[in-house]
Amino acid sequence: MYALVERLYPLCRSITGDGVRATLEIVGEYVPLRVHEVPTGTRVLDWTVPQEWNIRDAYIADSGGNRVVDFAASSLHVLGYSLPVSATMPLDELRAHLHTLPDHPAWVPYRTSYYKPEWGFCLAQETLDALPDGEYEVCVDSTLTDGHLTYAEHVVPGQVADEVIVSCHVCHPSLANDNLAGIAVATYLARALAEQTPYYTYRFIFAPGTIGAITWLARNAERVDRVKHGLVLACAGDPGRLTYKQSRRGDAEIDRVLRYVLAASERPHHVTEFTPYGYDERQFCSPGFDLGVGSLSRTPYAGYPEYHTSADNLDFVSAEAMADTLAVCREAFAVLDRDRRYINLSPYGEPQLGRRGLYDSLGGRSDAKQAQMAMLWVLNLSDGEHGLLDIAERSRLPFDTVAAAAEALHGAGLIKA
Amino acid sequence: MYALVERLYPLCRSITGDGVRATLEIVGEYVPLRVHEVPTGTRVLDWTVPQEWNIRDAYIADSGGNRVVDFAASSLHVLGYSLPVSATMPLDELRAHLHTLPDHPAWVPYRTSYYKPEWGFCLAQETLDALPDGEYEVCVDSTLTDGHLTYAEHVVPGQVADEVIVSCHVCHPSLANDNLAGIAVATYLARALAEQTPYYTYRFIFAPGTIGAITWLARNAERVDRVKHGLVLACAGDPGRLTYKQSRRGDAEIDRVLRYVLAASERPHHVTEFTPYGYDERQFCSPGFDLGVGSLSRTPYAGYPEYHTSADNLDFVSAEAMADTLAVCREAFAVLDRDRRYINLSPYGEPQLGRRGLYDSLGGRSDAKQAQMAMLWVLNLSDGEHGLLDIAERSRLPFDTVAAAAEALHGAGLIKA
Amino acid sequence: MYALVERLYPLCRSITGDGVRATLEIVGEYVPLRVHEVPTGTRVLDWTVPQEWNIRDAYIADSGGNRVVDFAASSLHVLGYSLPVSATMPLDELRAHLHTLPDHPAWVPYRTSYYKPEWGFCLAQETLDALPDGEYEVCVDSTLTDGHLTYAEHVVPGQVADEVIVSCHVCHPSLANDNLAGIAVATYLARALAEQTPYYTYRFIFAPGTIGAITWLARNAERVDRVKHGLVLACAGDPGRLTYKQSRRGDAEIDRVLRYVLAASERPHHVTEFTPYGYDERQFCSPGFDLGVGSLSRTPYAGYPEYHTSADNLDFVSAEAMADTLAVCREAFAVLDRDRRYINLSPYGEPQLGRRGLYDSLGGRSDAKQAQMAMLWVLNLSDGEHGLLDIAERSRLPFDTVAAAAEALHGAGLIKA
């Protein structure tokens, strides 16, 4: 995953344009993607697909022709969606178009102006401070024209048409944790799920933030009813502990699964309430959709000083952190995928398990085996109201043990799905 | 408010009679009152309006003609609803008609006998102890005859016919905290509400305890359906901390508002469960009505030694305490009056706030403004299930910020009431 | 009760056979029993009544003819349902049929093999360790033939046909706490209940564990709808604190009553969640029945080292412990039997209690009497949603006071059942 992040890091992504296409092309080498191109001007829910932005070059040069700020050094240096400009102006006039972080003078901020026509540069405060007064040449060689918004999907087919969506935003430029790490974890998660046929169909959505999720929702109105669960992956590679942000519902099955898996794994972690800010859970959890979609991060949105700065670089993320995030995703989906409500077909009294070889023949011992206890619990609670996760929680038995008991009972014809 | 309490203090009030009328006349100088007179014998729910009691004079005089207990000194000296009596009797015979507080020998208790015909006097234990044996002349110059029960209403008209009732009892004689302070706070609250047109119609009820509330309920059967919220004001001027006693429902909106406002104000306070004892919340919260009516006091019913004694006098209440009670009432009604459920008219995804000038155009910054967050919260939770108070609680944003966000969104046509 | 336990202790009980019959005959001297005999092969729910097992003698004798293990010394020495055997074999071959407790070398374990044909002996580890190698004569003089499963019922008729069942297992051999103490408490509880006509009909079930309860359920399918509450009594005589294991529902009335009574009694105690293991609550709380049946024990199932060993003997149980268990049962049923929902017939405002002699005539005092408060609470909450136990809990008044208030109000025609 780290290698993938390294490859994607230099590209200049935005909510539209060739940077997104190049990103999806690389991801497509790992998992097959279906890429969608949606024309500028398309109405999507309350929004409209904007013009497509592309950029070749941008710089500020001093009177000696030296590039003191250079897009070639970092895609962060240009304000996202900056209008083209080619001018010479004194530093004082230029200042209104410069963005810095006075509190972190060595870092370059990440700034955009998608919906208000504007041009600008981002640079370190200390770079700015070192600039002598005088005339500067400014150049943004960008285009903002009718084109397309680009997003991609990858589907791991399951046994049923009900879907789990995994979404990550692909619109941020050279920021490693936000969200190249999320893209990398999603990609490897898709590969892992494909190793067997899961129960659910898993749909991975690689789309620009906000407008991309809105576009996907607008174009998939009928599919949304099939989306039973979902997870937004973001900030998946920093050194902090894992954070699960619950869906708007708070008790959706995905919420219960993530809480269970994180607690059972004994990893240090946080579980937070839903807020209508953050990543694309904002759209999936808008009240008209109200999907059971949570968000898994390490340190969450705006929770680390490097957030949306040039310090969110390749040093800030690690292979180990991404592997840990991926492991929790896999554990969670392993539970989610098996969590079902069964019906006890012999609900009056206990069925005679011994006759079916499912119970110890020697009576009187006090050390009832866990597997046997799990069978009794599954039988007792399989009334159509309780799923296997409910049973694991109530019995305090491991989910795997409960799931195995359900399998044995299903095999013996004692329960049905 | 303190001046009003001072004026009302000397009057001898009871559940009927001229003391109530004089009280309402004075209150009427502050806010216009509609006074109701209900004839003796009128059936009101399970009760009957009793005879009207009036008193001119009452005393116990020793053999030398000296008044050792004198109604003119304090209206507390006579048992409420005392029958007329004019007799001479030895002290030992008189004792059966005397009420004292042995634990507080300097204080005169407040006692009544509304529904059992009886005569009697209340006096300090030390006064009684000082009386030599011998003959005493006793005189209660009272009348108990067919007449009326008197209560009054003041209405602050609102934008809707749904009502908030504010009730206080006006039947206690010279007791300052119980309930002249309540009367004063109610009066000034009514004046404050009239400064603008509130959303709800606010109805202030000045009525004798129990029988007055029962009479009001009996005569307003059809209006009760319009009563959405209510507050009983009692013991509003003592030095103790504020106490909110919840309605029978416990989660009525008035309960939630008072809990919220008291907590947000960071005043020391108590919130207590409903009990079917206390003041007229007993009637409003009887199971047939079960109104959302709570009770706001400082030190509650029977919670201070001065309760129902001559020590509940003008020194026991303060202008500051009443001003504090009034302030909380105003804060609470300011929340209650604006707490409404809106419907997000653009519930699928977030509406594009930027297009409507409601969102920062510069993206990437991590310090989303509170006003902007409040708009996202209102949009996210305005599904017909959540009111603005719910949203304030869940978002941990100040109610005022949430209400302002709702106003902005309403102005932009994004939500409807 | 201790004397009854002493009489029952020597008998060799199992899930069928003459030991059960002899046990029921003795219990029948205390309370009249209706004994049921269900033939081998009868289908009962998912099970089949097994063959009947009886035993006359069993021993292991050494080459000198000395009985080194002797059923006559303790009924525990033979594996329950042991097949007949008469053979001579070397110790090494015999070992596969011997059951010991290495951790408690002086104790004899209790073991059975009801459903897998097997023979065997249980003995102390130290007895086994002392046996020299060599040939041993083994003899189990048992029969396993078509016969009957035996259980008994005792009914205390009540005012209504709705039933409370009290169940205890009668299948364990010489084990005092598990479950002779339970049998003794049940027997004396039945006698106590018969002293007056209770509201509910109380049905006591003395049946072998699991198969007995299953048989009862199979034969009483139509009666089960009348079973409103129930209690399984087990391990009722050991020195530990009381433990109430809640029904599967967790909030059944029996659960609330036992929690209330145990807390109100201020006895140290435990309340535990339902688990589908333990005693016959497993069957009564299977999902098809889901009865409100909890289980009362002292130290629960497998919670003491003496459990299912020869150390669960007459020294392990005490008259005091059984008396304590019985007392709690009686307190609980005294609450359960009176806990009803009333309807306030005068729900609008408070009814005028004074007119009916139910309220103090002297007003103004602050020490409202508990009885009067209880009446106000019963009136306020008797809306069809709250029972007397709810009212006792919410008012924090003793249940007896609340029940007495309800009786007074019922007598005055103010509430109806």
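Right, A:LEU123: assigned by TED's automatic domain parsing to the domain that holds A:LEU94, touching a helix residue (DSSP H, G or I) at 6+ places or on another chain (Cβ under 8 Å) and closer than 18 Å to A:SER75 by Cα or not?
Yes: the conditions hold for A:LEU123.
Test C:ALA58 against the criterion of being more than 23 Å from the chain's Cα centre (by Cα) and not in a loop (DSSP other than H, G, I, E, B), and give yes or no.
So C:ALA58 passes the test.
Can you pull out the residues in region C:40-86 that are touching a residue at least 24 places away in the same chain (Cβ under 8 Å) and of a type in the set (Ser, Thr, Tyr)?
If the condition is that a residue be touching a residue at least 24 places away in the same chain (Cβ under 8 Å) and of a type in the set (Ser, Thr, Tyr), then C:THR40, C:THR42, C:TYR59, C:SER63, C:SER74, C:SER75, C:TYR81, C:SER82, C:SER86 are the ones that fit.
Of the residues C:SER14, C:SER82, only one is part of a loop (DSSP other than H, G, I, E, B), outside the structural domain of C:TYR188 (by TED's automatic domain parsing) and either at pLDDT 95 or above or in contact with a helix residue (DSSP H, G or I) (Cβ under 7 Å, 6 or more places away or on another chain) (or both); which?
Checking each option against the conditions leaves just C:SER82.
Please note which strands (runs of 3 or more DSSP E) are completely contained in region A:237-343 and include at least 2 residues that are within 14 Å of the chain's Cα centre (by Cα).
A:242-245, A:293-297
State all residues of region B:322-357 that are within 14 Å of another protein chain (Cβ to nearest Cβ) and either among the small types (Gly, Ala, Ser) or more than 30 Å from A:THR210 (Cα to Cα) (or both); if no residue qualifies, say none.
B:SER346, B:GLY349, B:GLY354, B:GLY357
Considering only region B:244-255, I want to know if a residue exists there that is without any contact (Cβ under 8 Å) to a residue 40 or more places away in the chain and away from chain C (no Cβ under 12 Å).
Yes, there is a match, as at least one residue in region B:244-255 is without any contact (Cβ under 8 Å) to a residue 40 or more places away in the chain and away from chain C (no Cβ under 12 Å).
When the residues of region B:86-97 are narrowed to those that are away from chain C (no Cβ under 13 Å) and touching a Gly at 6+ places or on another chain (Cβ under 9 Å), which ends up most open to solvent (accessible area, probe 1.4 Å)?
Among them, the one singled out is B:PRO90.
Within the group C:VAL35, C:VAL31, C:VAL69, which residue is in contact with a helix residue (DSSP H, G or I) (Cβ under 6 Å, 6 or more places away or on another chain), crowded, with 22+ Cβ neighbours inside 10 Å, of a type in the set (A, V, I, L, M) and at pLDDT 95 or above?
Exactly one residue qualifies, and that residue is C:VAL69.
Considering only region C:365-394, how many residues are at pLDDT below 95 and open to solvent by less than 20 Å² (accessible area, probe 1.4 Å)?
Summing the residues that are at pLDDT below 95 and open to solvent by less than 20 Å² (accessible area, probe 1.4 Å) in region C:365-394 gives 1.
Considering only region C:96-115, state which residues are without any contact (Cβ under 8 Å) to a residue 40 or more places away in the chain, outside any loop (DSSP other than H, G, I, E, B) and within 26 Å of C:ALA22 (Cβ to Cβ).
C:HIS99
Which residues, taken from region B:344-376, are within 21 Å of B:ARG394 (Cα to Cα) and not in a loop (DSSP other than H, G, I, E, B)?
B:ASN344, B:GLN370, B:ALA371, B:GLN372, B:MET373, B:ALA374, B:MET375, B:LEU376 - these are the residues of region B:344-376 that are within 21 Å of B:ARG394 (Cα to Cα) and not in a loop (DSSP other than H, G, I, E, B).
Within the bounds of region B:356-371, is there any residue that is touching a Gly at 6+ places or on another chain (Cβ under 8 Å) and aliphatic (A, V, I, L, M)?
no
Within the group C:HIS77, C:HIS104, which residue is at pLDDT 95 or above, surrounded by 19 or more Cβ atoms within 10 Å (Cβ to Cβ) and outside the structural domain of C:SER14 (by TED's automatic domain parsing)?
Within the list C:HIS77, C:HIS104, the selection yields C:HIS77.
Could you please tell me which pairs satisfy a Cβ distance under 7 Å, a separation of 6+ or placement on different chains, a first residue in region B:395-417 that is on the phi < 0 side of the Ramachandran plot and open to solvent by less than 10 Å² (accessible area, probe 1.4 Å), and a second residue that is assigned to a loop (DSSP other than H, G, I, E, B) and of a type outside the set (S, T, N, Q)?
The qualifying pairs are B:LEU414/B:LEU345; B:LEU414/B:PRO351; B:ILE415/B:LEU345.
Looking at region A:271-288, can you tell me whether even one residue there is more than 14 Å from chain B (Cβ to nearest Cβ) and surrounded by fewer than 16 Cβ atoms within 10 Å (Cβ to Cβ)?
Within region A:271-288, one or more residues are more than 14 Å from chain B (Cβ to nearest Cβ) and surrounded by fewer than 16 Cβ atoms within 10 Å (Cβ to Cβ).
Which of (1) buried (at least 20 other Cβ atoms within 10 Å of the Cβ); (2) within 13 Å of C:VAL293 (Cα to Cα) is the odd one out, the single condition C:ARG249 does not satisfy?
(1)
Quick one: how many residues across region A:289-343 are open to solvent by less than 20 Å² (accessible area, probe 1.4 Å) and of a type in the set (A, V, I, L, M, F, W, C)?
Going through region A:289-343 one residue at a time, the tally reaches 13.
Being assigned to a strand (DSSP E or B), surrounded by fewer than 17 Cβ atoms within 10 Å (Cβ to Cβ) and touching an Asp or Glu at 6+ places or on another chain (Cβ under 9 Å) is the filter here, so list the residues in region C:38-53 that pass it.
Scanning region C:38-53 gives a single hit, C:PRO39.
Between A:ALA408, A:ALA371, which is more than 14 Å from every other protein chain (Cβ to nearest Cβ) and not charged (D, E, K, R)?
Just a single option satisfies the conditions, and that option is A:ALA408.
How many residues are closer than 24 Å to C:LYS369 by Cα and touching a helix residue (DSSP H, G or I) at 6+ places or on another chain (Cβ under 7 Å) when one looks only at region B:309-326?
Residues flagged as closer than 24 Å to C:LYS369 by Cα and touching a helix residue (DSSP H, G or I) at 6+ places or on another chain (Cβ under 7 Å) within region B:309-326 amount to 2.
The values are calculated or read from the model by the stated rules, or taken from the named source; none is laboratory data. On a predicted model such as this, the values are computed, not experimentally measured, just so you know. Every residue, glycine as well, gets a Cβ built from its backbone with ideal geometry; the counts of neighbours run over all protein chains shown. Ligands, DNA and RNA are excluded from the accessible area calculation, which covers all protein heavy atoms including side chains. Shrake-Rupley method; radii C 1.70, N 1.55, O 1.52, S 1.80 Å.
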